[in-house]
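Here's the structure, in structure tokens; my notes come after.
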Amino acid sequence: SSLQARVLYWFRTDLRLHDSPALHAALGLNPEVFYPIWTWDPQYVFAHRVGVNRLSFLLEGMQDLSLSLTACNPKTKLHVVRGPPQTVVPALCKAWNITHLVYEKDTAGYAAVRDAEVKASVTKAGVQVVDVLGHSLYDPQAIVDQNKGNPTMSISSWITASNKLPAPSRPLLPPPSLPPPGNTTLIPFSRKDHPVANGVDVNEDDRETVVTCYDTLAGRDGDFSIPTLEELGLPPATTSIRGGETEALKRLEAYCADKAQVARFAKPKTSPAEFDPPATTQLSPYLKFGCLGSREFLWRVRDTISQWIMDQNGNKNDDTTKHPENLEGQLLFREMYFAAECAVGLPFGQIRGNAICRFIDWRLQNQYDASGHRIHPRPLGDAEDEERFSAWQDGRTGFPWIDAIMRQLRQEGWIHHLARHSVACFLTRGQCYISWERGAEVFDKWLIDWDPCANAGNWMWLSCSAFFSMYYRVYGVKSFPEKFDKTGKLVRKFCPELAKFPDKFIYTPHLAPVDVQEKAGCIIGRDYPFPMLDKKVEKERCIQRVKAAYALGLYGNDAAVLNGSAVAK
Ligand code: FAD
């Protein structure tokens with residue numbers, strides 16, 4: 001009947017059919033037609049600094065989802081629409097006579113701004129919007145409300161707030177079937193009217209690629225196909241991490257098969273030197289893109305631990321780890337950053353205007369104009385700062401532990417949490433005194449799991465700008481990795497030029513006598529750099545500078561910072 005719902009289902013960071021409250025709500029409308037779409041947003045793809053490994057992971061996630069949709073109804077698939085959602089979603093609602101737009105709520109960063117725009121414009125056209133929480137275990141806004149409107153600055157404040165809210169339910173099952181989409185004809189855009197050619201903020205360098213890639217809303221062949229890296233003019237990905245819900249569930253299953261590993265998981269004891277397989281779940285890319293539901297993760301972990309406590313022989317095990325070091329605790333950090341970002345808003349990703357971020361006079365800090373926009377080219381600093389930053393980014397600092405991690409990051413798009421600690425501390429308060437914003441930008445480009453809340457939040461933590469303040473505790477570049485691995489596995493793998501050094505010199509090859517270097521086939525200063533700085537001297541300087549900044553007591557939203565007086569030398 002004409003009263004029956006016609007649903008446009010907008011997939012974003014929820015590339016899954018299991019554990020999806022939004023999908024459940026959409027099907028609860030009992031729709032006669034159901035259009036699963038993805039808007040291939042050039043704002044995200046090109047104006048944002050997404051690296052090839054993240055894009056490839058995303059495309060694989062979309063392909064896997066599309067196959068699962070088709071398995072639920074042979075007439076359907078993921079329909080990829082080329083263009084910014086702010087213009088294409090209202091256009092599709094009109095063209096396909098949509099009554100309901102349904103999507104999983106995204107409360108963070110740019111996504112929240114984008115969704116508000118789309119929501120306003122389709123609502124005006126008479127379409128009902130159903131946006132449903134599902135990415136996180138708790139509603140970040142509800143946590144903030146329980147925390148008296150304040151950002152959650154510690155796990156304990158987050159736990160206190162969450163205790164006043166309903167506990168996370170068990171995950172919903174994937175739907176057994178789906179309604180078909182209706183007619184998918186569209187009036188083609190002419191190139192000159194195409195939304196991408198008009199007004200979308202993409203780099204000039206990318207504009208031509210963008211316009212040719214998006215000649216029509218439904219893609220070159222008009223079949224709403226999923227783009228390929230080739231079509232986007234990109235080289236193949238280098239990561240070994242494969243995307244998709246199927247892969248996510250397989251990995252969760254495999255990790256939980258070792259019940260003792262799950263029950264005794266203690267984050268600080270997991271080794272950042274392990275990579276094949278890593279010591280932690282490596283599920284962050286899947287949680288980021290929603291290939292894995294957070295309730296699925298939570299309950300699988302809880303069930304696994306219950307089974308471990310009472311094993312099949314009726315023996316009782318009680319050596320399980322506690323919050324927040326245990327596996328469930330890891331999800332709580334994710335939630336804590338979601339809620340903190342929710343309270344702070346967009347400035348969470350930068351220093352300027354950020355109420356929780358201490359103002360420290362870092363080198364290479366981003367500069368802003370009077371209206372708060374970043375100035376390009378930006379940074380303040382001298383050639384030495386720039387060179388240190390590039391060396392850090394490229395993995396040629398002369399500190400093998402740092403270099404191996406940065407090369408692993410670029411190649412794999414994922415590094416262990418304590419590896420992130422090491423390189424973030426090194427770049428900021430540990431050695432280089434370079435702004436965390438610059439480091440966070442590099443992580444944004446290369447991490448598959450990049451998330452606006454977790455990334456900025458953890459960079460603030462590591463740089464002692466927020467959440468954590470023990471700036472006199474600096475990670476050693478030799479002593480720290482040696483606690484986990486005296487043989488230097490990670491270095492040997494990702495800095496192959498150092499592979500033949502004896503264990504004794506693996507983290508300090510410049511201290512090896514020349515005959516040892518010759519035997520290892522690697523002369524320091526020729527085949528691998530000398531350390532780019534004096535780690536003792538720089539560490540002391542950093543500690544003194546951060547101490548002085550703490551004494552000044554300024555934050556990113558202080559007027560003194562805004563009018564530049566705090567930066568004056
Ligand atoms: P596990 O130890 O298996 O944990 C399970 C899940 O819990 C993770 O998949 C992740 O979703 C969540 N989690 C664990 N630790 C954290 C944490 N500290 N903060 C938030 N969530 C956490 N994580 C991201 O997901 N995206 C980022 O952009 C990101 N940037 C970071 C930047 C820095 C400087 C640092 C120090 C950490 C960052 N992290 C980020 C947090 C953390 O390092 C990763 O989530 C974790 O290493 C992912 O590996 P895993 O899935 O094996 O983690």
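The values are calculated or read from the model by the stated rules, or taken from the named source; none is laboratory data. Since the model is a prediction, treat every value here as computed from it, not as a measurement. Here the Cβ positions follow ideal geometry from the backbone for every residue, glycine too, while neighbour counts run over all protein chains shown.
Tabulated results
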{"quantity": "Single condition P531 does not satisfy, out of (1) part of a helix (DSSP H, G or I); (2) within 29 Å of D385 (Cβ to Cβ); (3) within 33 Å of the chain's Cα centre (by Cα)", "calculated": "(1)"}
{"quantity": "W414, sole failed condition from (1) in contact (Cβ under 8 Å) with a residue 24 or more places away in the chain; (2) of a type in the set (F, W, Y); (3) part of a helix (DSSP H, G or I); (4) within 13 Å of the ligand (Cβ to nearest atom)", "calculated": "(3)"}
{"quantity": "Any hit, region 516-534, residues being under 30 Å from R49 (Cα atoms), among the hydroxyl-bearing types (S, T, Y) and either in contact with a strand residue (DSSP E or B) (Cβ under 9 Å, 6 or more places away or on another chain) or within 16 Å of the ligand (Cβ to nearest atom) (or both)", "calculated": "no"}
{"quantity": "Qualifying positions in region 457-468 - under 21 Å from R374 (Cα atoms) and within 8 Å of the ligand (Cβ to nearest atom)", "calculated": "G457, W459"}
{"quantity": "Only listed residue being buried (at least 19 other Cβ atoms within 10 Å of the Cβ) and farther than 28 Å from Y337 by Cβ, chosen from P496, P509, P502", "calculated": "P509"}
{"quantity": "Selection from region 128-146 of residues that are surrounded by fewer than 21 Cβ atoms within 10 Å (Cβ to Cβ) and touching a residue at least 60 places away in the same chain (Cβ under 8 Å)", "calculated": "V130, D131, V132, L133, Q141"}
{"quantity": "In region 437-451, residue surrounded by the most Cβ atoms within 10 Å (Cβ to Cβ) [restricted to those that are assigned to a helix (DSSP H, G or I) and near the ligand (Cβ under 8 Å from one of its atoms)]", "calculated": "G439"}
{"quantity": "Filter pass, V113 being more than 29 Å from W414 (Cα to Cα) and assigned to a helix (DSSP H, G or I)", "calculated": "no"}
{"quantity": "Given (1) surrounded by fewer than 20 Cβ atoms within 10 Å (Cβ to Cβ); (2) farther than 18 Å from H135 by Cβ; (3) touching a helix residue (DSSP H, G or I) at 6+ places or on another chain (Cβ under 8 Å), index of the condition I98 fails", "calculated": "(1)"}
{"quantity": "Residue in region 283-304 that is more than 21 Å from D444 (Cα to Cα), surrounded by fewer than 20 Cβ atoms within 10 Å (Cβ to Cβ), at pLDDT below 95 and touching a helix residue (DSSP H, G or I) at 6+ places or on another chain (Cβ under 9 Å) present", "calculated": "no"}
{"quantity": "Close pairs from region 260-285: first closer than 24 Å to G488 by Cβ, partner in a helix (DSSP H, G or I) and acidic (D, E), Cβ under 8 Å, at least 6 apart", "calculated": "F275/E412"}
{"quantity": "In region 113-127, the residues that are surrounded by 17 or more Cβ atoms within 10 Å (Cβ to Cβ) and either of a type in the set (D, E) or within 21 Å of L346 (Cα to Cα) (or both)", "calculated": "R114, D115, V118"}
{"quantity": "Residue among V491, V516 that alone is touching a residue at least 24 places away in the same chain (Cβ under 8 Å) and assigned to a helix (DSSP H, G or I)", "calculated": "V491"}
{"quantity": "Candidates Y475, Y550, filtered to the one that is part of a loop (DSSP other than H, G, I, E, B) and not polar (S, T, N, Q)", "calculated": "Y475"}
{"quantity": "Some residue of region 469-477 being more than 11 Å from the ligand (Cβ to nearest atom) and among the basic types (K, R)", "calculated": "yes"}
{"quantity": "Residue among I434, I506 that is farther than 25 Å from L364 by Cβ and more than 11 Å from the ligand (Cβ to nearest atom)", "calculated": "I506"}
{"quantity": "Residue under evaluation A454, criteria (1) away from the ligand (no atom under 16 Å from the Cβ); (2) crowded, with 16+ Cβ neighbours inside 10 Å, criterion not met", "calculated": "(1)"}
{"quantity": "Yes/no for L409 being within 12 Å of the ligand (Cβ to nearest atom) and in contact with a strand residue (DSSP E or B) (Cβ under 7 Å, 6 or more places away or on another chain)", "calculated": "no"}
{"quantity": "Residue within region 331-352 that is under 30 Å from M460 (Cα atoms), among the basic types (K, R) and either away from the ligand (no atom under 16 Å from the Cβ) or not in a loop (DSSP other than H, G, I, E, B) (or both) present", "calculated": "yes"}
{"quantity": "Qualifying residues in region 390-406 (those that are β-branched (V, I, T) and within 15 Å of the ligand (Cβ to nearest atom)) - the one farthest from the chain's Cα centre (by Cα)", "calculated": "I402"}
{"quantity": "Pick from region 417-431, criterion within 12 Å of the ligand (Cβ to nearest atom) and of a type in the set (S, T, N, Q), ranking: surrounded by the most Cβ atoms within 10 Å (Cβ to Cβ)", "calculated": "T428"}
{"quantity": "Any helices (runs of 4 or more DSSP H) falling wholly within region 220-302 and containing at least 2 residues that are away from the ligand (no atom under 11 Å from the Cβ)", "calculated": "245-257, 259-263"}
